[in-house]
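Notes to accompany the following structure.
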Amino acid sequence: MSERRVRSTEEWLDYFQRNAARQRPIPWQTNGIGAGPAELAPIRRSLQAWQLGETSDGCHLAASADRYATATGDPAYRDVIDLFIREEQRHGALLGRILDDAGIPRRQADWGDTLFRRLRHSITDIEVWTTPVVMVETLAMIYYNAIRRATGSPVLRAVCAQILADEVPHVQLQCERLAVLLHNRSRTRYHLTMLTHRVLFLAVMLLVWAGHHRALRAGGYTWAHYRQAAYAKMHRAWQRMDPQRYVWT
């Protein structure tokens, strides 16, 4: 067993408050983002779609978090999720400015974003909501690494570096919450839950590839490389949500 413990809601609240005040500087330019049309061609549609996905108002998540916080007597959890939503929206704002400065119009609809929004809007249980979020956030780390590698733009590379730095704690937060939710589940039920995770992750991984394979390829990810990296990162996430890895007091 690891000596790791699940961080308290108050610790996560402190983290998000401090992180909001220590954002990395972005070298914004007055004449674009330092990348021409040819360089942006394989990633522009993907950036449009991903920017749209990062701009969710989070109202359904906030409502689920509020119900969970009330049921567990942990009111600070709602504040943590509020700050998490703001951080995601900050990512959307950064990507939005990238699009604006590059002369790329923002999209109002995308099939992938619509699918995920409908899925999220149909979910009220915090565990069921958190599960696909961990998967999308894990794949986001591969995506933003690909975008960073696909461009020489100092602006876009800096934005990707900021988002990547934020995503690591995002995944950890959600994994720890799932560990809490799975703590009292029998190992048989736990393994059945993980089997469901693996089926869902395969679907999410395929959807992200279908919508963003051109951008991923521009960043050096073939299908085989993408699949290998995706499962490696998700395997670490599954380890982090295993209650047996934590000391419970």
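Restricting the calculation to Cα atoms, segment 203-247 yields a radius of gyration followed by a Dmax of 13.4, 43 Å. Each residue of segment 22-29 is assigned a 3J(HN,Hα), and the resulting list reads 10, 6, 6, x, 10, x, 4, 10 Hz, derived from the Karplus form 6.51 cos²θ - 1.76 cosθ + 1.60 (θ = phi - 60°), x at Gly and Pro. Could you check how much of the accessible area of the chain is carbon and sulfur, as a whole percent, using a 1.4 Å probe? Carbon with sulfur: 54 percent of the solvent-accessible area.
For semi-axes √(5λ) of the Cα gyration tensor in Å, the value computed from the atomic coordinates appears in the list [x] 31, 20, 17; [y] 34, 20, 15; [z] 27, 20, 18 under label [x].
Convex hull of alpha carbon positions in segment 120-249: directionally averaged projected area 8.8 nm². The local environment of residue 19, defined by Cβ-Cβ distances under 9 Å, has a net charge of 0 under the rule Lys, Arg +1 and Asp, Glu -1. For segment 1-113, the relative contact order is 40 percent, taking Cα pairs closer than 8 Å that sit 6 or more residues apart in sequence and dividing their mean separation by the residue count. For a test of the definition: using alpha carbon positions, the gyration tensor, and the 1.5 limit on a/c, classify segment 26-83 as rounded, prolate or oblate. Prolate, since a/c reaches 1.5 and a/b exceeds b/c. Compared with the direct C-alpha span, the chain from residue 60 to residue 188 gains 43.0 nm at full extension, assuming 0.36 nm per residue. Estimated from helices alone, the mean residue ellipticity of the chain at 222 nm is -25000 deg cm²/dmol (sum of -39500 (n - 2.57) over DSSP H runs with n ≥ 4, per residue). Summarising the label geometry, the points placed 7 Å from Cα in the beta-carbon direction at residue 224 and residue 8 lie 5.0 nm from one another. Counting only protein heavy atoms and a 1.4 Å probe, the chain has 47 square angstrom of accessible area per residue. Each Lys and Arg Cβ is given +1 and each Asp and Glu Cβ -1; about its Cα centre, the chain then shows a dipole of about 780 debye. Note on residue 196 and residue 210: the extension gain reaches 2.9 nm, defined as 0.36 nm multiplied by sequence separation minus the Cα-Cα distance.
The values are calculated or read from the model by the stated rules, or taken from the named source; none is laboratory data. Please read these numbers as outputs of a predicted model, since none were measured by experiment. Every residue, glycine as well, gets a Cβ built from its backbone with ideal geometry; the counts of neighbours run over all protein chains shown. Just so you know, the surface numbers come from the protein's heavy atoms only, side chains and all, with ligands and any DNA or RNA stripped out. Shrake-Rupley method; radii C 1.70, N 1.55, O 1.52, S 1.80 Å.
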